[in-house]
Amino acid sequence: AKRWKGLIEEYREWLPVTEDTPSLTLQEGNTPLIRLDNLSREWDIDLYVKTEGANPTGSFKDRGMVMAVAKAKEEGKSALICASTGNTSASAAAYGARAGMRTVVVIPEGKIALGKLAQAKMYGAEILEIEGNFDEALRMVRETGGDDIAVVNSVNPYRLEGQKTIAFEAIEQLGKVPDVFALPVGNAGNISAAWKGFKEYSEKRGTDRPQLLGVQAAGAAPIVNGAPVEQPETIATAIRIGNPASWQLAEAALAESNGNILAVTDDEILEAYKLIASREGVFAEPASCATIAGIKKQLESGGLKRGATVVGVLTGNGLKDPDTAILANEDSRPITQEEFETFISGIKAEAR
Ligand code: F0G
């Protein structure tokens, strides 16, 4: 049978799995690697996206969460807790439900995309909204861990273990190591995990390593600026983070890979958001599209060579944030039969 068994089974030899690790899965991983044909032609590069929105809860978080929750269960913990800008909470809630564990999510008030909040509620998480931002929520959560409660933010090393599998998949699906591997940076766990994956793969299989390209939102760009941001702001709420927990790991990964990190504005993010949906049929949430905006910026500044093979990570599904999708496009209004007919004749005239 060809049924995908989920990350813990499929990548068992690469992960800290023991005989006692429960075989938890929602069949996460094995996400599509899609070539963006139109943009590749236009930008004169070979551009692929890893669509992490195809994971069970619609984001890359499932890769790390399955591992963190399985280990928490193995260690006899009874509850999970995390701070989140939305996706981590949705993922923790789903795997918590599956593992029969109580799940508590601490979120910044009013800044969670609608779909993500709907997910946390449906999976039965206990949701605590705080007045502060993500950084404050994470500070509160980090003080709570212990024998009974597992903190499942990316400060939990099992999260990075699970998330490193994206590197293995990218190489295996592409049939080679890309020249550049680009991804959005918020709390900086994912860029650190991906680099761990590329390093381990190169050590075991003798492959090259890509250059990393990290992308932050201009209003929440502590690593680019070299200083924490007190009041981070961006339309890409998933990466609205001012003081990333894995800052140092990310800096090390960027240095080792001879990579780059840059910031893109909300306008650039929205442009990329609409571009990949309307030109390529790929709908990813705003934070994910920072990746595409960053690749474009690197091309324009000469930091990316023509002909390069680039893999960009689209970290979350576009459906998670319907409000931004609607706001980013023009309003429509009901039309009459006559207006409808005029419209259709216009299409026919243009086709002729
Ligand atoms: N893209 C999306 C869609 C995210 O949800 C996140 C992080 C990132 C990128 C950045 O990844 O933090 O590893 O650098 N979301 C976290 C959350 C913070 O709570 O869902 P990172």
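Note on the range 148-187: residues that are open to solvent by less than 10 Å² (accessible area, probe 1.4 Å), in contact with a Gly (Cβ under 6 Å, 6 or more places away or on another chain) and in a loop (DSSP other than H, G, I, E, B) amount to 2.
Looking across T309, T324, T265, one residue alone is crowded, with 19+ Cβ neighbours inside 10 Å and hydroxyl-bearing (S, T, Y). It is T324. Please indicate, with yes or no, whether at least one residue in the range 56-64 is more than 21 Å from the chain's Cα centre (by Cα), surrounded by 24 or more Cβ atoms within 10 Å (Cβ to Cβ), more than 17 Å from F134 (Cβ to Cβ) and in contact (Cβ under 8 Å) with a residue 12 or more places away in the chain. Looking for residues that are more than 21 Å from the chain's Cα centre (by Cα), surrounded by 24 or more Cβ atoms within 10 Å (Cβ to Cβ), more than 17 Å from F134 (Cβ to Cβ) and in contact (Cβ under 8 Å) with a residue 12 or more places away in the chain, one finds none in the range 56-64, hence no.
Within the range 199-212, identify whether any single residue is within 14 Å of the ligand (Cβ to nearest atom), without any contact (Cβ under 8 Å) to a residue 40 or more places away in the chain and either closer than 30 Å to T265 by Cβ or in a helix (DSSP H, G or I) (or both), and answer yes or no. Among the residues of the range 199-212, not one is within 14 Å of the ligand (Cβ to nearest atom), without any contact (Cβ under 8 Å) to a residue 40 or more places away in the chain and either closer than 30 Å to T265 by Cβ or in a helix (DSSP H, G or I) (or both), which makes the answer no. Within the option set K73, K2, being basic (K, R) and free of Cβ contacts under 8 Å to residues at least 40 places away in the same chain holds for one residue only, K2. Condition check for N329 on (1) assigned to a loop (DSSP other than H, G, I, E, B); (2) open to solvent by less than 10 Å² (accessible area, probe 1.4 Å): one failure, at (2). The combined condition, being without any contact (Cβ under 8 Å) to a residue 40 or more places away in the chain, away from the ligand (no atom under 16 Å from the Cβ) and of a type in the set (D, E), is fulfilled by E172. Taken as a whole, the condition of being surrounded by 18 or more Cβ atoms within 10 Å (Cβ to Cβ) and among the aromatic types (F, W, Y) does not apply to F343. The number of residues in the range 232-252 that are touching a residue at least 24 places away in the same chain (Cβ under 8 Å), more than 11 Å from the ligand (Cβ to nearest atom) and touching a Gly at 6+ places or on another chain (Cβ under 7 Å) comes to 2. For E285, the test of being touching a residue at least 24 places away in the same chain (Cβ under 8 Å) and open to solvent by 10 Å² or more (accessible area, probe 1.4 Å) is failed. What about A68, is it crowded, with 24+ Cβ neighbours inside 10 Å and in contact (Cβ under 8 Å) with a residue 24 or more places away in the chain? It is true that A68 is crowded, with 24+ Cβ neighbours inside 10 Å and in contact (Cβ under 8 Å) with a residue 24 or more places away in the chain.
Cβ-Cβ distances below 8 Å connect the following pairs, each with a first residue in the range 181-195 that is closer than 14 Å to A255 by Cβ, a second residue that is near the ligand (Cβ under 6 Å from one of its atoms) and open to solvent by less than 10 Å² (accessible area, probe 1.4 Å), and a separation of six or more residues or different chains: I191/V185. Restricting the range 277-315 to residues that are among the β-branched types (V, I, T) and under 22 Å from A220 (Cα atoms) leaves a set whose member that is farthest from the ligand (Cβ to nearest atom) is I295. Scanning the range 303-348 for residues being more than 21 Å from A284 (Cβ to Cβ) and among the polar types (S, T, N, Q) gives a total of 5.
At least 3 residues being more than 16 Å from the ligand (Cβ to nearest atom) is the threshold, and among the strands (runs of 3 or more DSSP E) wholly inside the range 1-117 those reaching it are 33-35, 46-51. Across the range 97-109, the qualifying residues are those that are among the small types (G, A, S) and touching a residue at least 12 places away in the same chain (Cβ under 8 Å), and the one among them that is most open to solvent (accessible area, probe 1.4 Å) is A97.
The values are calculated or read from the model by the stated rules, or taken from the named source; none is laboratory data. In this text, all values refer to a predicted model and were calculated from it rather than measured experimentally. Neighbour counts run over all protein chains shown; Cβ positions are idealised from the backbone, glycine included. Quick note on the areas: whole protein, heavy atoms, side chains included, nothing else; ligands and nucleic acids left out. Shrake-Rupley method; radii C 1.70, N 1.55, O 1.52, S 1.80 Å.
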